[in-house]
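Asker: One structure is given below, represented as structure tokens, and several questions about it will come after.
The values are calculated or read from the model by the stated rules, or taken from the named source; none is laboratory data. Keep in mind that this is a model prediction, so the values were computed, not measured. Reconstructed Cβ throughout: ideal geometry from the backbone, glycine too, with neighbour counts over all protein chains shown.
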């Protein structure tokens, strides 16, 4: 059934079909979501911070960003930064970042301006993006670069939808369960970024396989992460239908 045929089903359809109808119509109206550019570049980032939320006064102490294109990391940016406040002992125990390490580091605004320039207009990816996006959006307006308000793809949300069989969706646990490369101590920004890059590529491949399509973009995966977990298969079907009559329907239940 094509997505145009689905439009005739109407509001009396079951919830899964309603998702297919709504998503296919939205995607049809946004042709940029269909750009099957294998050279699409995404920026995968991770912050280490003094606490859980900028709303509670926490500031970043380190940022790492990797650019991923055509299935590989093509560039990296990493810097410690001086948060202008003390790092609690429990945070140092977790990350290994000490007050002495950041004392001579550049201030947050300077590093964030460099980070914004490095990211440019690329779409962003993070593991538990609800955390990292808060710091990105809180700190950028304090720099001359201003705010960049992209959609964040979240590998936690995507993992819960695309591989619900995993017992834990923590980054280290997923890397170990999936056999992804682990290059150093967890909770240091570049180590976490590199693990997230490999997880992102794994999730892209799994989404392509479940949807039965040849390629899937950052924009499409942000659509997948927004649906309730139990509707993931319907969302993947909507993507397959929207990509044209030659795309296969998903045959595996996800979520």
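Asker: Scanning for something surrounded by 19 or more Cβ atoms within 10 Å (Cβ to Cβ), at pLDDT below 95 and assigned to a loop (DSSP other than H, G, I, E, B), does the range 120-135 turn up at least one residue?
Answerer: Yes, the conditions are met somewhere in the range 120-135.
Asker: For residue 113, all conditions in the list (1) surrounded by 18 or more Cβ atoms within 10 Å (Cβ to Cβ); (2) under 30 Å from residue 203 (Cβ atoms); (3) free of Cβ contacts under 8 Å to residues at least 60 places away in the same chain hold save one; what is the number of the exception?
Answerer: Looking at each condition in turn, residue 113 falls short on (2).
Asker: Has the range 240-255 got at least one residue that is in contact with a strand residue (DSSP E or B) (Cβ under 7 Å, 6 or more places away or on another chain) and either at pLDDT 50 or above or surrounded by fewer than 24 Cβ atoms within 10 Å (Cβ to Cβ) (or both)?
Answerer: no
Asker: Continuing with the same structure: So is residue 108 over 21 Å from the mean Cα position of the chain (by Cα) and within 20 Å of residue 187 (Cα to Cα) or not?
Answerer: Judged against the criteria, residue 108 is a match.
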